[in-house]
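The structure under discussion appears below in the form of structure tokens.
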Amino acid sequence: MRKPVIAGNWKMYKTVSDSVATAVALKPLVANANHCEVIIAPVFTALKSVADRLEGSNIKVAAQNCAAEQREGAFTGEVAAFMVRDAGCSHVIVGHSERRQYFNETDTSVNRKAQAVIAADLTAIVCVGEDLTQREQGIAENVVRGQITGGLRELTASDLDRIIVAYEPVWAIGTGRTATPEQAQEMHAFIRRVFAERHSQSAAESLRILYGGSVKPDNIAGLMAQPDIDGALVGGASLNAESFAQIVNYK
Ligand code: PGA
């Protein structure tokens, strides 16, 4: 059985004190959520304070990015995976479409970052997804396959349990336009087949695949009812403790 994961991506929102306040408000609201793993991803500056306040709770903390370099060094402005682990994180989001779109993230850098996350003993939430033009051209599956084979080029079978895949169609992020549960299911099943071809059927069956893109309290249950949807990566609706808790407590 794959344990679902509901992760909140706070993007570039909230000061340290706002982040801590939201995390503290969330804690009691999801305290009984044993059916899934709960993760929040605040900005770098808030990671340590949030992780400290969540110690002993069932909420885990993720960074939204990390350096491709595995060791410390002269890399101004970068933060290594082992440093976010030191700050209390267990997960790192890698290759979010906003990073691909605005910060030159490529499958090559995604691959290096995923490797850095695994080397630091953390779990990478690796994002893939086509944009609107690609979907309209009918090449969405090819795009996603390319992102998996390129972005996880060096992934070995023994590292598969260090990876969570997030399928986030770019056209559904922050637009209020969610993929239908059927559209999402179709792509999730395809992603699982790609992993089965590359690794093994059993590895593919244990892989968690999250859906992301305008997930809200009122559409989470329909998405989670699909057999290959194992959770959600939530942006806008995760910024508020109550709405994120409603998503976490979808059942
Ligand atoms: P959204 O963002 O829920 O605001 O669409 C999802 C994401 O970018 O991970």
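Among the residues of segment 8-21, those identified as open to solvent by 20 Å² or more (accessible area, probe 1.4 Å) and either closer than 16 Å to Ala237 by Cβ or within 19 Å of the chain's Cα centre (by Cα) (or both) are Lys11, Met12, Tyr13, Lys14. If you go through segment 113-131 and keep only what is open to solvent by 20 Å² or more (accessible area, probe 1.4 Å) and either of a type in the set (Gly, Ala, Ser) or within 14 Å of the ligand (Cβ to nearest atom) (or both), you end up with Ala119, Asp131. Of all residues in segment 170-188, those that are more than 15 Å from the ligand (Cβ to nearest atom) have Cβ atoms under 7 Å from Cβ atoms of residues that are charged (D, E, K, R), 6 or more apart or on another chain, in Gln185/Asp228; His188/Asp228.
Looking only at residues in segment 33-61 that are charged (D, E, K, R) and in a helix (DSSP H, G or I), the one that is nearest to Ala124 (Cα to Cα) is Lys48. Please work out if Glu205 is of a type in the set (Asp, Glu), surrounded by 15 or more Cβ atoms within 10 Å (Cβ to Cβ) and not in a loop (DSSP other than H, G, I, E, B). In short, no.
Listed here are the helices (runs of 4 or more DSSP H) enclosed by segment 62-160 that have at least 1 residues being modelled with pLDDT under 95: 132-136. Annotation note: Cβ proximity below 8 Å between a residue of segment 192-216 that is on the phi < 0 side of the Ramachandran plot and within 16 Å of the ligand (Cβ to nearest atom) and a residue that is of a type in the set (Val, Ile, Thr) and open to solvent by 20 Å² or more (accessible area, probe 1.4 Å) (sequence gap 6+ or interchain) occurs for Gly212/Ile173; Val215/Thr178; Lys216/Thr178.
Number of residues in segment 36-73 that are open to solvent by less than 50 Å² (accessible area, probe 1.4 Å) and out of contact with any strand residue (DSSP E or B) (no Cβ under 8 Å at 6 or more places or on another chain): the value is 6.
The values are calculated or read from the model by the stated rules, or taken from the named source; none is laboratory data. Every value quoted in this text rests on a predicted model; they were computed, and no experiment measured them. Neighbour counts are summed over all protein chains in view; Cβ atoms, including those assigned to glycine, are modelled from backbone coordinates with ideal geometry. Calculation scope for accessible area: heavy atoms of the full protein, side chains included, ligands and nucleic acids excluded. Shrake-Rupley method; radii C 1.70, N 1.55, O 1.52, S 1.80 Å.
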